[in-house]
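The values are calculated or read from the model by the stated rules, or taken from the named source; none is laboratory data. Everything numeric in this text was worked out from a predicted model, so none of it was measured. FYI the Cβ positions are ideal-geometry reconstructions off the backbone, even for glycines, and counts take in every protein chain you see.
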Amino acid sequence: MGEVFAGRYELIDPIGRGGAGAVWRAWDHRRRRYVAAKVLQQSDAHTLLRFVREQALRIDHPHVLAPASWAADDDQVLFTMDLVAGGSLAHVIGDYGPLPPRYVCTLLDQLLSGLATVHAEGVVHRDIKPANILMEATGTGRPHLRLSDFGISMRKGEPRLTETNFVVGTPGYFAPEQLLGAEPDFTADLYAVGLVALYLLHGTRPDSQALVEHFLTHGTPPAPATVPEPLWQVLAGLLQPDPQARFRTATGARKALNAAAEMLPEPEGGEEPVEIFDQLGPLPAGFGPDGPVARPVQDAAPPAPPAPHPAPAHTAPAPHTAPVPHTAPVAATAPVPQAYQEPYGEQPQNPYRQPVPGPSETGSFHLPPPVAHPVPPFDPAVPPTQPQQHVSTHPYTAQPVQVPDRRQEAPGRRPGPPPKVAVPVLLLALVSLAVGFWALTQV
């Protein structure tokens, strides 16, 4: 079974990794459901401050995957969110390549809907890319995406955590003004949405630098061969190098997108439907759809077979054979079901706990425990032949108190009566002497 974090979240298996931590599939023992848990890998002040900002974000929207709760255990922290099983847009492109324009319009409409709610909270995402846009496993039905990973997001007006002349984000999805050191703004997120749209339509990541140079040199380029003209007009409004010429809000871009989608041609009948698979895979052994599976109770081992009775006296003697050494019968154990051998064998390492530093890292070491010496049993029938010798212990243990041997011979005494007899006799002698002197004085 997995390790239980803070007495509530049981970490099961890793499902992803980001810049600040690893994402695990976990079981919430309080709410009785599976969640995704992001475990912070570093504990420096800068990373903790970003973690606090991310876990404090509470946005309830069907197309936003924001943190739902958090927990701390010693020096490790995590926050949880809904478990999304369909992978990211990068998985979809890896499976199908370029996507149909109408399908892309559906995805962009959901993305802009969620982004409008994020911007309404005053938050700039700053890291919109295909890997951060997750998909529900809807099969061939209507797709459902979730905008995730608010690790470097910030509210407008908050102090920045990056130094001057540094920019955070993913190369290839920066807005031109970000590279010039401008303050994060909503229009930078909209520029990244335009790059994601080109990625979905072409199946490869666009060259943002070449695109900016073309816009600056020749103006808005004509629509590519794979992009319908109405849709391209919307994307061109998202990809303008000048933020003042871009769509100012996600809501405005969404309205223009819906109008363009109505002018797209109907899909051809031979198009392959896009299916969003479950990318997480089956649960490990020991876990089921309703949580951890109860550990089976092992049957008690059957008793050992009774020893054979000796042969009766009237039977014929057995032929002479070589003596066989006697061995005690071994009790048979109940077989362990194969499904439960793995999860209840060796326990996996706590994944949230840092390994104990070695001596070379900390300059200290653990002392070995004292060696236990067996004490022979006391037998009153056997007199002791010699005083018991003290067994030496390690130098860092307490030395035993030396008790004198009571069996040693007591020191010798002077001859004469005991004091309780001698004292009265001496007093009587003194009284007799005094009476004698008194009688002599009366003569």
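Observations, loosely collected:
- Residue check, Glu275 out of contact with any helix residue (DSSP H, G or I) (no Cβ under 6 Å at 6 or more places or on another chain), of a type outside the set (A, V, I, L, M) and surrounded by fewer than 10 Cβ atoms within 10 Å (Cβ to Cβ): no
- For region 164-219, a tally of residues being in a loop (DSSP other than H, G, I, E, B) and closer than 22 Å to Leu89 by Cβ returns 13.
- Condition check for Leu283: at negative phi and part of a loop (DSSP other than H, G, I, E, B): yes
- Whichever residue in region 72-125 is charged (D, E, K, R) and not in a strand (DSSP E or B) and, among such residues, is farthest from the chain's Cα centre (by Cα): Arg102
- Scanning region 207-232 for residues that are crowded, with 16+ Cβ neighbours inside 10 Å, over 19 Å from Asp185 (Cβ atoms) and touching a residue at least 12 places away in the same chain (Cβ under 8 Å) returns Leu211, Val227, Pro228, Pro230, Leu231.
- Condition check for Leu235: outside any loop (DSSP other than H, G, I, E, B) and surrounded by 19 or more Cβ atoms within 10 Å (Cβ to Cβ): yes
- Of residues in region 243-273 being free of Cβ contacts under 8 Å to residues at least 24 places away in the same chain and assigned to a loop (DSSP other than H, G, I, E, B), the one nearest to Asp109 (Cα to Cα): Glu266
- Arg146, sole failed condition from (1) farther than 21 Å from Leu201 by Cα; (2) surrounded by 21 or more Cβ atoms within 10 Å (Cβ to Cβ): (1)
- Conditions (1) part of a strand (DSSP E or B); (2) modelled with pLDDT under 90; (3) buried (at least 22 other Cβ atoms within 10 Å of the Cβ); number of the one not met by Gly2: (1)
- Residues of region 126-149 satisfying the condition of being under 23 Å from the mean Cα position of the chain (by Cα) and assigned to a loop (DSSP other than H, G, I, E, B): Ser148, Asp149
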